[in-house]
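Trainee: Encoded as structure tokens, here's the structure I'll be asking about.
None of the figures in this text is laboratory data; all of them are computed from the coordinates on show. If you're wondering where the values come from, they're calculated on a predicted model, not measured in any experiment. Note: ideal-geometry Cβ built from the backbone for every residue, glycine included; neighbour counts use all protein chains shown.
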Amino acid sequence: MPLLLCDLDDTLVDREEAFRRWGEHFARQHRLHLPAVMAWLVERDAHGYTSRRELVASIAERFGVWPDQARALAQFRHDLAMAVPEISREVRRTLIFLRRSGWKIAIVTNGTEPQQMLKLRVAGLEPLVDACVVSEAIGYSKPNPAIFRFAAAACECQMTGGWMIGDNPEADILGAAEVGLNTIWVKRGRTWPVRGVRPTLEVASVEEGLVSLLDQGFP
Ligand SMILES: [Mg+2]
């Protein structure tokens, strides 16, 4: 059976939009000037790569909010997941079509289990995939080969001929290439940054990436 592994944040779900929605709510709640606050938040967030603990601490310090930071961190994770937009109609349609054609589909994502599973539900992805592997739950993060192997095993699939789609060059693409998967990089306006290794396909959007798999046929 053909296997497709998908990154979650900023691949299947629009995490940037979720963060923007959360930031708008935060600014309103604390009566802050939106454009300036949003620019600061987006810069501190660094596309989700700043540790969440660190981000919460710097928001607390900058705006004089959240005296209980452990509680604020849990609340922030929950609220951000709740702000995730639904997946696009084309993503939904293509995932359904791929599964009807015999593909097994798993999400492979770095993060905390409650937050990532909540994002999956809020985005409407839960009924569309065979498995969701979250790094916190299994103790390995992308690009560790173990997480890709775990996802393939969860789908009862071989890695040979399988595909991984994601937006992060190192975690998604190099990690998946390391275990022999074909790769689709969602470039979103960027240029491939790593010399010597290239993704199998480069696409502008996740929709384009998923649709391109329809032409790949069974391995
Ligand atoms: Mg991502």
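Trainee: Measuring from a point 7 Å past the Cα of Met1 along Cα-to-C-beta, which residues in region 118-152 have an amide N at less than 11 Å?
Mentor: It comes to 130-131, nothing else.
Trainee: If you add up the charges near Gly189, with Lys and Arg at +1 and Asp and Glu at -1, over every other residue whose beta carbon is less than 14 angstrom from its beta carbon, what do you get? Kindly include the intermediate steps, with their values, before the conclusion.
Mentor: Details: positive: Lys187, Arg188, Arg190; negative: Asp10, Glu16, Asp167, Glu202, Glu208.
Result for the local shell: -2.
Trainee: Along Cα→Cβ, 7 Å out, is where each label goes; now give me the distance between the ones at Glu43 and Glu208 in nm to one decimal.
Mentor: Output for this residue pair reads 3.1 nm.
Trainee: Can you find, among Gln115, Trp185, His30, the residue farthest towards the positive end of the dipole of the chain? Put +1 on the C-beta of Lys and Arg, -1 on that of Asp and Glu.
Mentor: Ranked along the dipole, the leading option is His30.
Trainee: If you don't mind, there's one more thing I want to ask. Compute the Rg to Rh ratio over region 55-161 from the alpha carbon atoms, using the Kirkwood formula for Rh, and round to two decimal places. List each step's numbers first, then the result.
Mentor: Details: Rg = 16.8 Å, Rh = 15.7 Å.
Result for region 55-161 is an Rg/Rh of 1.07.
Trainee: Highest GNM mean-square fluctuation, the chain, Cα pairs closer than 10 Å: which of Val129, Val91, Val37?
Mentor: Val37
Trainee: In addition: How big is the dipole moment of region 15-82 about its Cα centre under a simple scheme where the beta carbon of each Lys and Arg is +1, that of each Asp and Glu is -1, and everything else is neutral? Debye, nearest 20, please. Before the final figure, lay out the partial values.
Mentor: Numbers: 11 positive and 9 negative charges, 26 e Å.
Here region 15-82 has a charge dipole of around 120 debye.
Trainee: Relative contact order for region 15-82: what is it in percent, counting Cα pairs under 8 Å that are at least 6 residues apart? Numbers along the way, then the final one.
Mentor: Values: 35 pairs, mean separation 20.1, N = 68.
In percent, rounded to a whole number, it is 30.
Trainee: Is any residue of region 3-18 close enough, with backbone N under 19 Å, to a label point placed 7 angstrom from the Cα of Thr160 along the Cα-Cβ axis, and if so, which?
Mentor: Answer for this model: 3-5.
Trainee: Here's something else I'd like to know. Which Cys in the chain stand alone, with every other cysteine's Cβ at 4.7 Å or more from theirs?
Mentor: Cys with no partner Cβ under 4.7 Å: Cys6, Cys132.
Trainee: Fully extended, how many nm does the chain gain between Thr191 and His30 (0.36 nm per residue separation, minus their Cα-Cα distance)?
Mentor: Answer, rounded to one decimal: 54.2 nm.
Trainee: In degrees, nearest 10, range 0 to 90: what is the angle between the Cα axis of helix 34-45 and the longest Cα principal axis of the chain?
Mentor: 50
Trainee: Over the Cα atoms of the chain, each weighted equally, I'd like the Debye log10 I(q)/I(0) at q = 0.13, 0.14 Å⁻¹, rounded to two decimals.
Mentor: Values, matching the q order: -0.75, -0.85.
Trainee: Here's something else I'd like to know. Gln216 to Glu136: extension gain in nm, 0.36 nm per residue of separation minus the Cα-Cα distance? Spell out each step's value before the answer.
Mentor: Numbers: separation 80, 0.36 × 80 = 28.80 nm, distance 3.22 nm.
25.6 nm is the gain from fully extending Gln216 to Glu136.
Trainee: Note down the relative contact order for the chain as a percent, whole number, built from C-alpha pairs under 8 angstrom at least six residues apart. Working shown, then result.
Mentor: Details: 343 pairs, mean separation 51.6, N = 219.
Computed over the chain, the figure is 24 percent.
Trainee: Counting other Cβ atoms within 10 Å of each Cβ, which trypsin sites (Lys or Arg not before Pro) in region 3-61 have at most 12 and sit in a DSSP loop?
Mentor: Working: sites: Arg15, Arg20, Arg21, Arg28, Arg31, Arg44, Arg52, Arg53; in loops: Arg31.
Passing both the DSSP loop test and the Cβ count: Arg31.
Trainee: Tabulate in residue order the Karplus-calculated ³J(HN,Hα) for region 65-71, using 6.51 cos²θ - 1.76 cosθ + 1.60 with θ = phi - 60°, rounded to whole Hz; enter x for Gly and Pro.
Mentor: 10, 6, x, 9, 6, 5, 5
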